[in-house]
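Q: Supplied in structure tokens, the structure appears directly below.
The values are calculated or read from the model by the stated rules, or taken from the named source; none is laboratory data. Keep in mind the model is a prediction, meaning the values are calculated, not measured. So basically every Cβ, Gly included, is an ideal-geometry build from the backbone, and we count neighbours across all protein chains shown. Accessible surface areas use protein heavy atoms only, side chains included; no ligands, DNA or RNA. Shrake-Rupley method; radii C 1.70, N 1.55, O 1.52, S 1.80 Å.
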Amino acid sequence: MHILILSPSDRSYIHKFLPNIKYDNLPEGYSGAIFIGTIIEELLARGHRVTAITTTRAVDGDYEIKKFHYQNFTWIVVPYRPHSFRFNNWMLGRILDFYSYETKKIVSEINKLTPDIIHAHWSYEFAKSALKTKYKSLITIHDNAYKVLKYTRSIYRFFRLIMSELNFRNIQYASTVSPYMLEYAQKRIDNVRVIPNPVPIKYTEEQISSFIKLRINNMDKLKIIMINNGWNSLKNVMEGVKSFEIFHKKFPQAELHLIGSGYEENGIAHKSISSLKIENIYFHGKLTTEELLHELESAHLLLHTAREESFGVVLTEAMSLGVPVIGGTTSGAVPWVINETRLLVDINNPVDISDKMTEVFSDKNLYTHLSEKCYKHVVEQFSSKSVVDGYLDYYYEIINQESI
């Protein structure tokens, strides 16, 4: 089957599907969706032909579409207008016409292909592009535009919400990533099913057991990680930092490592947090996939204090390595993803968060049990195999129903 994926995708993981192209010769693409690479890898391993179309910021007026190909995989990168509201030379800001210029370019490229199905991710410009073609399509809804606007108030997000609602009118088949998101999707679309985001399972249960034992042997220097992109009320990182301040008094050798865009040395988060003068906090900023994996493998715990998640890929990435995750009791899909009440907490209460971390680390048997349970849950529910099985079943169902 020829499957066309419309979504964010970037060279940090796409490059492994294009070994004939030098990394530096690839455009950056659109970052923020590593799991797309996991889906592509699984589909290619099963012998399917995959074309992925994404966008990237136009640089110095270069709006030339770039195409790269190797065996059964093709990557097409469409430049988008840099400015959302201001004019881009003679062109409007991209959000003012709901990405119409970019959509026309994407649709033009799709019309040169003959995919069996289009799988578009998110309900914005990629969904709009899929819906403007004659091909059968599945739209995966990854977020609730109203929730995004609530926590990230801006005119841009308001326009994104309008675009999403306009697209919903034309979506026939959709999936969403968690039961938490299902009600939102079903109010707008008749045919919706839950298919979560996938995570690659890199290690066996025996290997994970060895990692857990190693972490327990190194508990004299606990390593706690927080991974977020953006310093805002939605991510709620400051409450996690304040909880670490309390926790650090009990465990003075513990370290807190902050990773993601906005968490660089001397970045916006660093400037806000440094005034608290808390020791053993380290700022890493945005890391490559390999660097992030290395940091997670050596971590004792992932602390995730976000107030809302429609899924939370970083949670499953940590859990797939046998790293327990503490998250919010009412943080959207987080309780469903973690699936363990002993790892849930009021993420707006630093004392409660600190007490929960103390509880997890004070009993090595409990720590081992929680770590193993996290790993097993991910293998059973979120492995790339089970997720792609779900997508392929849905693809064939859409194709057959549309053919009747």
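Q: Assuming Ile212 fulfils every condition listed in (1) touching a residue at least 24 places away in the same chain (Cβ under 8 Å); (2) in a helix (DSSP H, G or I); (3) within 30 Å of Glu245 (Cα to Cα); (4) open to solvent by 40 Å² or more (accessible area, probe 1.4 Å) apart from one, which condition is it?
A: (4)
Q: How many residues does the range 184-237 contain that are more than 30 Å from Ser164 (Cβ to Cβ), among the charged types (D, E, K, R) and in contact with a strand residue (DSSP E or B) (Cβ under 8 Å, 6 or more places away or on another chain)?
A: Keep residues of the range 184-237 that are more than 30 Å from Ser164 (Cβ to Cβ), which gives 201-225.
In the following step, the residues that additionally are among the charged types (D, E, K, R) were identified as 202, 205-206, 213, 215, 220-221, 223.
Right, trim to in contact with a strand residue (DSSP E or B) (Cβ under 8 Å, 6 or more places away or on another chain) and you get 221, 223.
Qualifying residue count for the region: 2.
Q: Got a number for residues in the range 321-344 being open to solvent by 10 Å² or more (accessible area, probe 1.4 Å), of a type in the set (A, V, I, L, M, F, W, C) and over 14 Å from Lys373 (Cβ atoms)? Talk me through it step by step, then tell me what you get.
A: Going residue by residue through the range 321-344, those that are open to solvent by 10 Å² or more (accessible area, probe 1.4 Å) are 329-330, 332, 335-336, 339-342, 344.
So of that shortlist, the ones also of a type in the set (A, V, I, L, M, F, W, C) come out as 336, 344.
In the following step, the residues that additionally are over 14 Å from Lys373 (Cβ atoms) were identified as 336.
Matching residues across the range 321-344 total 1.
Q: Read through the list (1) open to solvent by less than 50 Å² (accessible area, probe 1.4 Å); (2) part of a helix (DSSP H, G or I); (3) under 17 Å from Ile76 (Cβ atoms), then give the number of the only condition that Ser108 fails.
A: (1)
Q: While we're here: If I filter the range 56-69 for residues that are assigned to a strand (DSSP E or B), among the β-branched types (Val, Ile, Thr), at pLDDT 95 or above and under 17 Å from Lys112 (Cβ atoms), do I get at least one hit? Can you show your working first?
A: Filtering the range 56-69 down to residues assigned to a strand (DSSP E or B) leaves 56-57, 59, 62, 66-69.
Narrowing further to those that are among the β-branched types (Val, Ile, Thr): 56, 59.
Those left that are additionally at pLDDT 95 or above: 56.
Okay, now just the ones that are also under 17 Å from Lys112 (Cβ atoms), so none.
Checked the range 56-69: no residue is assigned to a strand (DSSP E or B), among the β-branched types (Val, Ile, Thr), at pLDDT 95 or above and under 17 Å from Lys112 (Cβ atoms).
Q: I would also like to ask the following. Confirm whether Ile40 is in a strand (DSSP E or B) and of a type in the set (Val, Ile, Thr).
A: Details: in a strand (DSSP E or B): no; of a type in the set (Val, Ile, Thr): yes.
No.
Q: Filter the range 122-160 for residues that are in a strand (DSSP E or B) and not hydrophobic (A, V, I, L, M, F, W, C); which is farthest from Glu309 (Cα to Cα)?
A: Here is the first cut: in the range 122-160, the residues in a strand (DSSP E or B) are 137-141.
Cutting the leftovers down to not hydrophobic (A, V, I, L, M, F, W, C) gives us 137, 140.
On the way: Ser137: 25, Thr140: 15 Å.
Only one residue fits best here, namely Ser137.
Q: In this structure, is Gly312 modelled with pLDDT under 95 and not polar (S, T, N, Q)?
A: Numbers: modelled with pLDDT under 95: yes; not polar (S, T, N, Q): yes.
So Gly312 passes the test.
Q: Which residues, taken from the range 274-286, are at pLDDT below 95, surrounded by fewer than 16 Cβ atoms within 10 Å (Cβ to Cβ) and not charged (D, E, K, R)?
A: Scanning the range 274-286 gives Ser274, Ser275, Leu276, Ile278.
Q: With Glu165, Glu206 as the choices, which residue is in a helix (DSSP H, G or I), more than 30 Å from Cys374 (Cβ to Cβ) and without any contact (Cβ under 8 Å) to a residue 60 or more places away in the chain?
A: Glu165
Q: Turning to a different aspect of this structure: When the range 168-183 is examined, which residues are found to be assigned to a loop (DSSP other than H, G, I, E, B) and under 19 Å from Pro198 (Cβ atoms)? Let's see the steps before the verdict.
A: Step one: filter the range 168-183 for residues assigned to a loop (DSSP other than H, G, I, E, B), giving 169-172, 177-178.
Selection gives Val177, Ser178.
Q: If a residue counts only when it is within 18 Å of Pro196 (Cα to Cα) and hydrophobic (A, V, I, L, M, F, W, C), which helices (runs of 4 or more DSSP H) contained entirely in the range 286-404 have at least 3 such residues? Working first, answer last.
A: Details: elements: 289-297, 313-319, 334-338, 350-362, 364-381, 384-403.
Because the criterion is at least 3 residues that are within 18 Å of Pro196 (Cα to Cα) and hydrophobic (A, V, I, L, M, F, W, C), the helices (runs of 4 or more DSSP H) in the range 286-404 that meet it are 313-319, 334-338, 364-381, 384-403.
Q: Under the condition of being assigned to a strand (DSSP E or B) and not aliphatic (A, V, I, L, M), which residue from the range 1-23 is farthest from Val50 (Cα to Cα)?
A: From the range 1-23, those assigned to a strand (DSSP E or B) are 2-6, 10; that's our starting set.
Among the residues that remain, those that are also not aliphatic (A, V, I, L, M) are: 2, 10.
On the way: His2: 6, Asp10: 15 Å.
Only one residue fits best here, namely Asp10.
Q: Right, another one. Scan the range 358-387 and report the pairs whose first residue is open to solvent by 30 Å² or more (accessible area, probe 1.4 Å) and whose second residue is assigned to a helix (DSSP H, G or I) and not basic (Lys, Arg), with Cβ atoms within less than 6 Å and a gap of 6+ or a chain change.
A: Sorted first by the residue in the range 358-387, then by its partner, the pairs are Lys364/Ile216; Thr368/Ile212.
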